[in-house]
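The values are calculated or read from the model by the stated rules, or taken from the named source; none is laboratory data. For clarity, every value in this text was computed on a predicted model and none was experimentally measured. Please note: Cβ atoms are built from the backbone with ideal geometry, for glycine as well, and neighbour counts cover all protein chains shown. Side chains included, ligands, DNA and RNA excluded: accessible areas come from the protein's heavy atoms. Shrake-Rupley method; radii C 1.70, N 1.55, O 1.52, S 1.80 Å.
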Amino acid sequence: MPAPAFPTASPPPEPVPEPAPASVTAWRPPVPGVVEVFHARFTEYAYPMHVHDAWTLLIVDSGAVRYDLDRHEHGTPDDTVTLLPPHVPHNGEPATADGFRKRVLYLDSSRLGDDLIGAAVDRPDLRDPLLRRRVGQVHSALVRPGDELEAESRLTLVGERLREHLESREPAAPRRPDPVLARRLRELLDARVADGLTLAEAGAELSAHPAHLVRAFSTAYGIPPHQYLTSRRVGRARRLLLEGWPPSDVAAAAGFYDQAHLTRHFRRLVGVTPGRYRATGAAGA
């Protein structure tokens, strides 16, 4: 008589991997027109329908977001810039199992006016590689304390390109050089090397739109205003270091946010740290 068969034990179930935890960083930078910067990584979280009182400028670095706006479904692949207008309900959820990583700027009406809301509702997702790159550059500047003028300059060009997308499908008219305005802005920057200024302040003093200031200056001198100001500050830092000032004192005197801010730009423009540069000057003396 054959031996009775006994059921074999089932193998233990494969462990289900835990979803990656959500990660959020948010802050309000001292840049005119920026209400909030929001960087987040979500895998399972879904936003319910909601509204903002600011413009939402969104780029996705990995994954994708699916959302509804004005009863139409949209998506945000990583080569797209998404612009959600204020006061219009929308939601959002991961479009893939791995979730998404995004960077968001919330902008007030000084950057984009309410007259553009209708156009943004009609076409919130913009396939524009240059715009995508420029928005990323704004975020890169915003995470570096002391580079607010760079962030403001880059954001000004982003706003101008967004308006070109939303206001008309016609090619933009060629812009004329304005060397007089460029020279006046350079003189203003030269007078404010240590104190600095915002583009909004410069625009008010020179009676010019910030975007026109950036373009006029860049056309005339080959670099944007923030880069010019940084090079002037590094030049002042070099002189002070050769006079024997310690780098910690030079940073504030030359207009940098702190010593790390000085070191980052000094090494990029001079090739060595401020401390090493100061030491070579002492050795030469």
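How do T198, T25 stack up against each other in accessible area, from largest to smallest, with a 1.4 angstrom probe?
Ranking T198, T25 by accessible area, largest first, yields T25, T198.
Per residue of the chain, what 222 nm ellipticity follows from adding -39500 (n - 2.57) for every DSSP H run with n ≥ 4, rounded to the nearest 500?
-13500 deg cm²/dmol
Quick one: give the max-minus-min coordinate of the C-alpha atoms of the range 123-249 along each principal axis, largest first, in Å.
Sorted from largest, the Cα extents of the range 123-249 read 57, 33, 23 Å.
Around D114, under 14 Å between beta carbons, what's the net of Lys plus Arg minus Asp minus Glu among the other residues?
-2
If amide hydrogens are placed 1.01 Å from N in the peptide plane, which non-local residues have theirs closer than 5 Å to the one on D61?
Under 5 Å from the amide H of D61: R101, K102, R103.
Relative to 2.2 N^0.38 Å, what does the C-alpha radius of gyration of the range 227-285 come to as a ratio? Two decimals please.
The reported ratio for this selection is 0.98.
At a temperature of 25 °C and a viscosity of 0.890 mPa s, determine how fast the range 48-178 diffuses translationally according to Stokes-Einstein, using the Kirkwood radius over alpha-carbon pairs as Rh; express D in µm²/s, rounded to the nearest whole number.
It diffuses with D of about 159 µm²/s by this estimate.
Would you kindly calculate the translational diffusion coefficient of the chain, applying Stokes-Einstein with the Kirkwood radius from alpha carbon pairs, for 4 °C and a viscosity of 1.567 mPa s, and quote it in µm² s⁻¹ without decimals?
The diffusion coefficient I find is 59 µm²/s.
With the radius of gyration and the Kirkwood radius both derived from the Cα set of the range 41-85, what is their ratio Rg to Rh?
Answer for the range 41-85: 0.93.
Per the 1.4 Å probe, what fraction of the accessible area of the range 62-104, in percent, lies on carbon and sulfur atoms?
About 46 percent, which is the carbon plus sulfur part of the accessible surface.
About the Cα centre of the chain, what is the dipole size in debye to 20, counting +1 per Lys and Arg Cβ and -1 per Asp and Glu Cβ, all else neutral?
For the chain, the charge dipole is close to 1580 debye.
Quick one: dipole size for the range 139-285, taken about the Cα centre, charges +1 on Lys/Arg Cβ and -1 on Asp/Glu Cβ, in debye to the nearest 20.
580 debye
Accessible area per residue, 1.4 Å probe, Å², for the chain: what's the number?
Per residue, the chain has an accessible area of 54 Å².
Using only the alpha carbons of the range 104-170, what is the convex hull's orientation-averaged projected area in square nanometres?
4.7 nm²
Ignoring ligands, DNA and RNA, please state the percent of accessible area on the range 118-254 from carbon and sulfur, probe 1.4 Å.
49 percent
Going by average Cβ neighbours within 10 Å, how do the peptides 269-277, 256-264, 209-217 rank, with the highest at the top?
The peptides rank, most packed first, as 209-217, 256-264, 269-277.
Of T80, L241, S23, which is farthest on the positive side of the dipole of the chain, counting Cα position, with +1 on Lys and Arg Cβ, -1 on Asp and Glu Cβ, and the Cα centre as origin?
So the residue we want is L241.
Highest mean first, how do 191-197, 227-233, 91-97, 237-243 rank when packing is the count of other Cβ atoms within 10 Å averaged over residues?
227-233, 237-243, 91-97, 191-197
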